[in-house]
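Trainee: The structure that follows is given in the form of C-alpha cells.
Read-outs throughout are calculated quantities, based only on the coordinates presented, and are distinct from any laboratory measurement. It should be emphasised that the depicted structure is a prediction, and the values quoted were computed from it without experimental measurement. Counting neighbours? That spans all protein chains shown, and the Cβs are built from the backbone with ideal geometry, glycine included.
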Amino acid sequence: MNILCDLFLTFAKIGFFTFGGGYAMIAMIENICVENKKWITHDEMMDITVIAESTPGPIAINCATFTGYKKAGFAGALAATFGIIVPSFAVIYLISVFLDNFLELTLIANAFKGIKIAVGILILDAAFTMLKKMHKKKLPRAIMACSCAAMLCINIFSLNFSSISLMLAAAAVSLGVFVLGIAPEQKGGGAK
C-alpha cells in the first residue's frame, strides 16, 4: 500500500507543479523516477518516451502508467495515472467554476508569458538530457539529424506532411538496417 501512495503522491506532485504538458514533464519524471527513486532505468525512460509519443494519449500519462505498472502492477498503473491526472483536472475545474475571464486578468496574462518561457526551457532540458544519454551509435544520430532537418524544412516551407509519416519513415529505416544487419550473422551462425 505504501508504494501505491508513493506513486500517487509523486505523480501528483509532477502533475501539479509542471506547466506545459507532457514534454515539459519529461525532465521532472526522469529526475524523480530515474535518478532519485530509481523506479526505472534511463533506457526504460527513453523507451517509454518513444512509445508514449507514438501511442494514443498524452505522453506524461503514458509514462506514469508504465512506471506505475512496473513498480506495482495494475494497481500501481492506476495510482500513478490518477496521480498525474487529478491535479490538472482540479486546477482546470476550479478555474472554470470561479474565474470566468481568467486569462483576461493582467496579472495572470503576464504570469503565463513567463510560464511559456519556462516551459520552453524545460522541453529543451529534456531533449538535451536525452541526447547526452543516447547511445553513441552512428545510425540513431543520423536518423535523428535527418528527422530534425526534415521537420525544419517542413515547417519553414509550410509543407503538408504529417509528423506521423516522418516517424514511420524513421522506424522503417531503422528496422530495415536492423534486419539487414542481423541476416548475415544468422546465415554465418547456421553454417557452423
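Trainee: What is the order of THR129, THR18, fewest Cβ neighbours within 10 Å to most?
Mentor: So the residues, fewest neighbours to most, are THR129, THR18.
Trainee: Among rounded, prolate and oblate, which fits the stretch 6-85 when a ≥ b ≥ c are the square roots of the eigenvalues of its C-alpha gyration tensor, a/c under 1.5 means rounded, and a/b larger than b/c means prolate?
Mentor: Since a/c stays below 1.5, the shape of the stretch 6-85 is classed as rounded.
Trainee: Could you tell me, in Å, what Rg and Dmax come out for the Cα atoms of the chain?
Mentor: Expressed in Å, the Cα Rg and Dmax of the chain come to 20.3, 76.
Trainee: Taking only Cα atoms and a 10 Å spring cutoff, compute GNM fluctuations for the chain and point out the largest among ALA171, ALA77, ALA52.
Mentor: For the chain, modelled as a Gaussian network with Cα springs under 10 Å, the answer is ALA171.
Trainee: How far is helix 42-54 tilted off the main Cα axis of the chain, in degrees rounded to 10, range 0 to 90?
Mentor: The angle comes out near 80 degrees.
Trainee: So how much slack lies between PHE17 and ALA149, counting 0.36 nm per residue of separation and subtracting their Cα-Cα distance, in nm?
Mentor: 44.2 nm
Trainee: May I pose another question? Sort ILE51, ILE164, ILE40 so that the residue with the fewest other Cβ atoms within 10 Å of its own Cβ comes first and the one with the most comes last.
Mentor: So the residues, fewest neighbours to most, are ILE164, ILE51, ILE40.
Trainee: Tell me the angle of helix 163-191 to the major Cα principal axis of the chain, expressed in degrees between 0 and 90 and rounded to the nearest ten.
Mentor: 30 degrees
Trainee: A follow-up question, please. What FRET efficiency, computed as 1/(1 + (r/R0)^6) with R0 = 35 Å and r the Cβ-Cβ distance, is obtained for ILE156 and ILE3, rounded to the nearest 0.05?
Mentor: The formula returns an efficiency of 0.15 here.
Trainee: Relative contact order for the stretch 1-88: what is it in percent, counting Cα pairs under 8 Å that are at least 6 residues apart?
Mentor: On the way: 122 pairs, mean separation 37.2, N = 88.
After rounding, I find 42 percent.
Trainee: Could you tally the net charge around ALA170, taking each other residue with its Cβ under 14 Å from the Cβ of ALA170, Lys/Arg +1 and Asp/Glu -1?
Mentor: On the way: positive: ARG141; negative: GLU53.
Result for the local shell: 0.
Trainee: Quick check on my link table: of LYS13/LYS132; LYS13/LYS116; LYS13/LYS136; LYS113/LYS133; LYS70/LYS113, which ones sit more than 28 Å apart, alpha carbon to alpha carbon?
Mentor: Working: LYS13/LYS132 26 Å; LYS13/LYS116 20 Å; LYS13/LYS136 33 Å; LYS113/LYS133 31 Å; LYS70/LYS113 37 Å.
In this structure, LYS13/LYS136; LYS113/LYS133; LYS70/LYS113 exceed 28 Å between Cα atoms.
Trainee: Taking just the alpha-carbon atoms of the stretch 23-134, what radius of gyration and Dmax come out, in angstrom?
Mentor: 16.1, 46
Trainee: How far is helix 138-156 tilted, in degrees, relative to the longest principal axis of the Cα atoms in the chain, given as a value from 0 to 90 rounded to the nearest 10?
Mentor: The answer is roughly 50 degrees.
Trainee: Relative contact order of the chain: what whole-number percent is it, with Cα pairs under 8 angstrom and at least 6 residues apart?
Mentor: Worked out over the chain, it gives 23 percent.
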